[in-house]
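Worksheet: the structure to be examined is printed underneath.
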Amino acid sequence: MELWQQMVRDSVHSVDQLVEKFGIDRTVAEGLDEFFQARINPYYLGLIRYPGDPIWKQCVPDKAELDDLEGFADPLQEDRMSPVPNITHRYPDRALFLTTSQCGMYCRFCTRKRKVGNSDKISMKELESAFKYLEQHTEIRDVIMSGGDPLMLTDVMLEKILKRLRQIPHIEIIRIGSKMPCVLPHRITPKLVEMIKKYHPVYVNTHFNHPWEITPESTKACEMLANAGIPVSNQAVLMRGVNDDAEVMRELFTKLLKIRVRPYYLYMADETRGANHFRTSLETGLEIMQKLRGYTSGLAIPHFVIDAPGGGGKIPILPQYVLHRDEDRVVMKNYKGEIFVYREAHNGEAKPDVKIPIELIDKKNGNGSNGNGSNGNGSNGSNGNGSNGSSKKPKNYKEKVEVTEVATSNN
Ligand code: SF4
């Protein structure tokens with residue numbers, strides 16, 4: 001048995017352990033065990049610094065899970081979009097391929113808890129209908145292996161799947177969605193990366209949510225993947241009490257870049273049953289994004305998205321930087337709240353000088369307004385410098401401004 005397998009075996013998982021280690025009332029612990037079992041491996045358990053900290057919140061069952069009556073079992077309607085077992089086909093040229101129900105840790109916010117933790121193993125035989133579907137659908141060029149966590153499979157089983165996928169000519173890209181680099185980095189072994197790199201191009205999407213998860217062990221795991229030519233990107237989830245803070249996010253994303261992991265997505269938490277207590281307002285996410293853009297490297301800034309309930313797919317959400325747009329120009333503010341005009345192209349013809357009246361500050365609310373009803377000041381109700389939500393007026397504050405567009409020759 002490899003070290004990582006021993007650590008999975010030695011995880012905290014029973015009702016007795018939940019009562020003894022975390023002081024959870026026995027009846028509540030039984031209810032939580034029934035709802036979604038715990039699995040906290042010794043490595044991740046060791047990252048907890050104090051009760052209720054951001055690491056604890058992600059892995060220790062909480063009574064609030066049982067009080068949530070609003071969430072959905074399958075908020076993204078993955079099962080409805082599943083033409084054959086273990087495949088979800090939502091986007092035209094990509095397919096999600098569920099290869100196992102096991103994970104190195106069971107995250108309390110998991111969107112797929114309806115499937116995850118079930119100890120039934122998926123055999124190659126059971127995956128046959130999925131392979132057939134992928135073979136027949138020549139429009140699919142990108143397969144995302146997920147689960148559960150595909151890196152819970154043995155190297156042998158994982159290689160069988162990769163080899164089989166590589167025999168399908170129209171599949172150009174294979175992605176492995178795995179939280180192992182974060183929650184059980186010991187899984188990333190020299191043998192594993194040597195095997196994976198035979199099936200390039202293979203990408204790994206991992207899932208760090210807090211800077212404390214970046215340790216010498218997880219650093220080594222991500223660097224081993226990168227050194228094997230496997231690009232690694234990160235999908236984080238915005239969660240109350242875990243990472244709903246711009247400084248925590250900035251630290252997370254910049255530290256990820258240092259270990260060669262590209263911040264890719266930041267998700268609003270899904271409307272998953274048992275995870276409502278993790279959800280924040282959209283405003284919180286927009287404020288965080290606004291405090292990142294311009295203040296740190298663009299490489300460290302993920303796409304902020306909502307995975308639309310009902311299976312609508314990922315929808316990007318941006319703070320409001322465009323104040324006004326018409327056929328001739330777009331008026332924007334930068335990260336400091338300064339106003340700029342970009343002229344639309346008109347077949348190389350210069351436009352005469354024009355003045356564009358823009359109402360910057362709504363007198364009543366102190367919020368930005370561009371005179372056409374939209375919020376011209378970002379969506380966080382902050383002042384014009386886009387920084388902190390105080391009512392202090394920006395240096396360049398005026399009730400109204402006229403932005404002069406200067407016509408120049410395009411030659
Ligand atoms: S690793 Fe992923 S699939 Fe597994 S419990 Fe965590 S979020 Fe769910």
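Some observations on this one:
- For segment 158-217: relative contact order, % (alpha-carbon pairs under 8 angstrom, 6 or more apart): 43 percent
- Fewest-first ranking of Arg108, Arg273, using other Cβ atoms within 10 Å as the exposure measure: Arg273, Arg108
- The alpha carbons of segment 3-316 occupy a box of 52, 47, 39 Å along the principal axes, longest dimension given first.
- For the peptides 34-42, 291-299, the ranking by packing is 34-42, 291-299, with the highest mean count of neighbouring Cβ atoms within 10 Å listed first.
- Shown is the FRET efficiency for Glu283 and Arg94, computed with R0 = 25 Å from the Cβ-Cβ distance and rounded to the nearest 0.05: 0.20.
- For segment 183-196, backbone phi angles converted through the Karplus equation (6.51, -1.76, 1.60; θ = phi - 60°) give residue-by-residue couplings of 8, 8, x, 4, 5, 7, 10, x, 5, 5, 5, 4, 5, 4 Hz, Gly and Pro being listed as x.
- Extension reserve of the Lys21-Asp328 stretch, reckoned as 0.36 nm per residue once the Cα distance is removed: 104.1 nm
- Vicinal HN-Hα couplings computed from phi for segment 330-342 (Karplus, 6.51 cos²θ - 1.76 cosθ + 1.60; Hz; Gly/Pro x): 10, 9, 9, 10, 8, 5, 8, x, 7, 9, 9, 10, 10
- Note, ³J(HN,Hα) from phi for segment 284-301, Karplus 6.51, -1.76, 1.60, rounded to Hz, x at Gly and Pro: 4, x, 5, 4, 4, 4, 5, 7, 9, 4, x, 8, 8, 3, x, 4, 8, 10
- With neighbour counts taken as other beta-carbon atoms within 10 Å, the residues Met1, Met332, Met289 rank, fewest first, as Met1, Met332, Met289.
- Between Gln5 and Glu126, the simple spin-label model (points 7 angstrom out along Cα→Cβ) gives 1.9 nm.
- Ascending count of other beta-carbon atoms within 10 Å, so fewest first, for Ser123, Ser233: Ser123, Ser233
- Shape metrics for segment 182-299, restricted to C-alpha atoms - Rg then Dmax, Å: 15.3, 44
Readers should treat all values here as calculations from the given coordinates under stated rules, not as data from a laboratory. Because the structure is a prediction, the values reported are computed rather than measured. Every residue, glycine as well, gets a Cβ built from its backbone with ideal geometry; the counts of neighbours run over all protein chains shown.
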